[in-house]
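The values are calculated or read from the model by the stated rules, or taken from the named source; none is laboratory data. On a predicted model such as this, the values are computed, not experimentally measured, just so you know. Here the Cβ is made from the backbone with ideal geometry for all residues, glycine too, and neighbour counts use every protein chain on show. We work out accessible area using only protein heavy atoms, side chains counted, and drop any ligands, DNA or RNA first. Shrake-Rupley method; radii C 1.70, N 1.55, O 1.52, S 1.80 Å.
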Amino acid sequence: VEHFAERMTRLPPAHLLTGDSLVDRPDPELVDHILSRLAPDNMNVALVDKQVAKLGLFQAHEVRTLPYWGVNYSVAELSEALPGALQRWQGLLNATKKSELADAVHAAVLRAKVEVADGEMPMPPGPIEGVPKDISLVHMHAKKPEHLSTELSVRAAELYGPRPEQVKVAQPKAPADAGKPEVWYRSGWVTQSPKVTVQVMFRPMRPTHAPEFSPLDKLRLALYSRLLSEEMEPNMVDLTLTGIAYRVDVDTVNGLTFVFTGFAPALSRLVETTLGEVNRFNSNLTLTRQSRFQRIVREMREDFNSYSEMPVSYALTDRSILLEEGA
């Protein structure tokens, strides 16, 4: 609500939703000019350190005091505070070989005496590959539904489009107690988006009066999800930068859920990479470093002992626990 209120002070009503993000007329020359200004000789560097007096950074500089806050600070030219840094950083930007950047990062880590986990040195990112060049708009718009029976269904269709329809598919081989798979499909969106969304849900079969999962089981699944997410994200970042996204959810109610969103030409690669990362994580019980495991456990303990949200959010959560099965 606060974002819309702020936009209403400077944007016309027709552009409240997209005024800050939609570019009607792309200007490559302007983008190139702005990127060229991201250079070491055109930036400000701020250093905040409680031991600043011992470092001698205030020596030979005018000490100023920030109004209302009482914080002391000084201003100096970067070339004076860090001699040679500008030339060194500019040299890294002008490097033509990835090995040059890797060697420079390696040397900087050693000079700073940073402890590297498992001996894995940070590596500079490579080029982004796999950005689609041909995006079809044939199925972008959802067709208007016909023969709706109620006014409520008409209004819902205007907002969200037609309901998905079940598609007949060949039944794969499955255990005798497994349910039959269902495939639902709808072509297009109500919004202007050429992206495809695929959601795959593996729901556990449970008797009607089956006992609920214990809090310990739910906690273990939450811990598993955190560990899986942190393991996957660094390996998926180059892929997601091409304009696609994924989500892997694990819980006691809906089971295992995969959500893939992106442009059609890149979707098959996204699915294969995501499933490969999940299988790699599940097949190697020693993949997670002990330091990461301990950190996540510590963070979860802190989350359970802090109340940073609004009181109403905790009241709604408690209501769901009391009234909804499996919540």
Report, ordered by chain and residue number, the lysines lying within cross-link reach of residue 133, taken as a straight Cα distance under 30 Å and ignoring same-chain residues fewer than 8 apart. 97, 98, 143, 144, 195
According to the Cα gyration tensor, what semi-axes, each the square root of 5 times an eigenvalue, does the equivalent ellipsoid of region 239-304 have, listed from largest to smallest in whole Å? 27, 15, 13
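Counting only protein heavy atoms, what percent of the accessible surface of the chain is carbon or sulfur at a 1.4 Å probe?
Values: 15420 of 26520 Å².
Result for the chain: 58 percent of the exposed heavy-atom area is carbon or sulfur.
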About its Cα centre, what dipole magnitude does region 139-216 give when the only charges are +1 on Lys and Arg Cβ and -1 on Asp and Glu Cβ, stated in debye to the nearest 20? 240 debye
Under 25 Å from residue 50, Cα to Cα: lysines that are on another chain or at least 8 residues apart: 113
Choose one answer from 254, 42, 284: the residue with the largest mean-square fluctuation in a GNM of the chain with alpha-carbon springs under 10 Å. 42
Quick calc, region 203-327, dipole around Cα centre from Cβ unit charges on Lys, Arg (+) and Asp, Glu (-), nearest 20 debye, gives 300 debye
May I ask you to order 28-38, 185-195 by the average number of other C-beta atoms within 10 Å around their residues, highest value first? 185-195, 28-38
Provide the descending list of Cα extents for region 1-61 along its principal axes, expressed in whole angstroms. 56, 34, 15
With the 1.4 Å probe rolled over protein heavy atoms, the chain has an accessible area per residue in Å² of 81 Å²
So what's the net charge close to residue 283: Lys and Arg +1, Asp and Glu -1, counting the other residues with Cβ under 14 Å from its Cβ? -1
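Give me the number: length gained by fully extending residue 59 to residue 233, i.e. 0.36 nm times residue separation minus the C-alpha to C-alpha distance, one decimal in nm.
Details: separation 174, 0.36 × 174 = 62.64 nm, distance 4.39 nm.
Taking residue 59 through residue 233 to full extension adds about 58.3 nm, to one decimal.
Relative to the compact-globule scaling 2.2 N^0.38 Å, provide the ratio for the alpha-carbon radius of gyration of region 41-168.
Numbers: Rg = 28.8 Å, N = 128, 2.2 N^0.38 = 13.9 Å.
That works out to 2.07 for region 41-168.
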Quick one: Debye curve from the alpha-carbon atoms of the chain only, equal weights, vacuum; give me log10 I(q)/I(0) at q = 0.10, 0.12, 0.14 Å⁻¹ to two decimals. -1.08, -1.45, -1.60
Treating cross-link reach as a plain straight distance, find the aspartates and glutamates whose alpha-carbon is under 19 Å from the alpha-carbon of residue 54, omitting any fewer than eight places away in the same chain. 62, 80
For the chain, list the DSSP H helices whose alpha carbon atoms reach 24 Å or more along the long axis and whose average Kyte-Doolittle value is -0.5 or above? 215-240, 264-282
